[in-house]
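Everything on this sheet refers to the single structure shown next.
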Amino acid sequence: MNVKNFPLTHIPERTESPRTYGLTMINDKGLSVTEAKSLISVAAPYVDIVKLAFGTAFVSQDLHEKVKVFQDAGMKVYFGGLLFEAFVIRNQFTDFVQLLKDYAIDYIEVSDGSIDIPHEEKCGYIEKLSAYGTVLSEVGSKDKDREHITPPYRWIQLMKAEMEAGASYIVAEARETGTVGLYRNSGEVREGLVQEILTKVPAEKIIWEAPQKDQQLYFLTLIGPNANLGNINPSEVIALESMRIGLRGDSFNLFLK
């Protein structure tokens, strides 16, 4: 249940956990079990999904315990897409599926940001993994190569095909820096791209990676308080929730009318 410590008018309605829309996905780059418990103590109502970033799961101590701590708090945990790619390039896809089972992971990211996977093959992985859980398919990672920017129509084609293959959510890529994919090198939003995507793909099906405050504000202004936002620093969850409901300086006037 969302916390409301005192009465205040003109607070926009937020979806309640467990949410399917209005999601906050955090980027865990190596929290300890103690830090995970501390995060839960202050932010449990607002963290929906925990991404164990890139390959950190391989080297993290007490991984089983940490995953269970998050899951017991009602949060969905998944391995960053790079780990999926690390298994695929080593011809260990079957081992990856077993890993999901060993950790009772039922949220799964499929990406192709570090290796080249033909799109038909990527959709095949999505179809297979959708039998094990909820697939989050990443689109836009190839735009890290500034000489080959993917045009909006191609983003839309990829998103639609991957949802048809079984992806429940599309993760619109920004990486942890917020300077690729959806964004220019400066971190500025590629607004034309975003707005064109939204003419063809429902907002509730897209998780916008938005690690920077101005990026978060852009999507909250465009879509509303229940925009799906990802790659959030764990220490910024409460600040983001405050921004979502117009209680941060940047968003103060969004919901007063």
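When +1 charges are put on Lys and Arg Cβ atoms and -1 charges on Asp and Glu Cβ atoms, the dipole computed for region 24-251 relative to its Cα centre reaches about 220 debye. If you take all other residues with their beta carbon under 11 Å from the beta carbon of Ile89, and give Lys and Arg +1 and Asp and Glu -1, the sum is -2.
The Stokes-Einstein estimate for region 24-251, based on a Kirkwood radius over Cα pairs and taken at 37 °C with 0.692 mPa s viscosity, is a diffusion coefficient of 185 µm²/s. Taking every alpha-carbon pair in region 146-238 and binning the separations at 5 Å intervals from zero gives 3, 13, 26, 27, 20, 9, 3, 0 percent. Computed per residue of the chain from DSSP H runs no shorter than four, each worth -39500 (n - 2.57), the mean residue ellipticity at 222 nm is -10500 deg cm²/dmol. Remark: spin-label model distance Ile11-Leu247 equals 0.5 nm, labels positioned 7 Å along the Cα→Cβ axis. Mind telling me which of Val171, Val47, Val88 comes out most flexible in a GNM of the chain, alpha-carbon contacts under 10 Å? Top of the fluctuation ranking is Val88. Farthest towards the positive end of the charge dipole of region 24-251, among the residues Ile156, Phe58, Thr199, is the Cα of Thr199, using unit charges on the Cβ of Lys, Arg, Asp and Glu. Among the GluC sites (Glu not before Pro) in region 100-184, those placed in a DSSP loop whose Cβ has at most 10 other Cβ atoms within 10 Å are Glu147.
Hey, which of these cross-link pairs are over 19 Å Cα-Cα: Lys205/Lys257; Lys66/Lys101; Lys4/Lys68; Lys51/Lys128? Could the numbers behind the result be given before it?
Numbers: Lys205/Lys257 28 Å; Lys66/Lys101 16 Å; Lys4/Lys68 27 Å; Lys51/Lys128 21 Å.
As for pairs spanning more than 19 Å Cα to Cα, those are Lys205/Lys257; Lys4/Lys68; Lys51/Lys128.
By the rule of a C-alpha distance below 15 Å, with chain neighbours fewer than 8 residues away ignored, the aspartates and glutamates paired with Lys122 are Glu85, Glu109, Asp112, Glu138, Glu162, Glu164.
DSSP assigns beta bridges within the chain; of those with both partners inside it, close to 5 percent run antiparallel.
FYI, it's all coordinate maths here, none of it is from the lab. Owing to the predicted nature of the structure, the values given are computational and were not obtained by experimental measurement. When we count neighbours, we look across all protein chains shown, and the Cβ atoms used for this are built from the backbone with ideal geometry, even at glycine.
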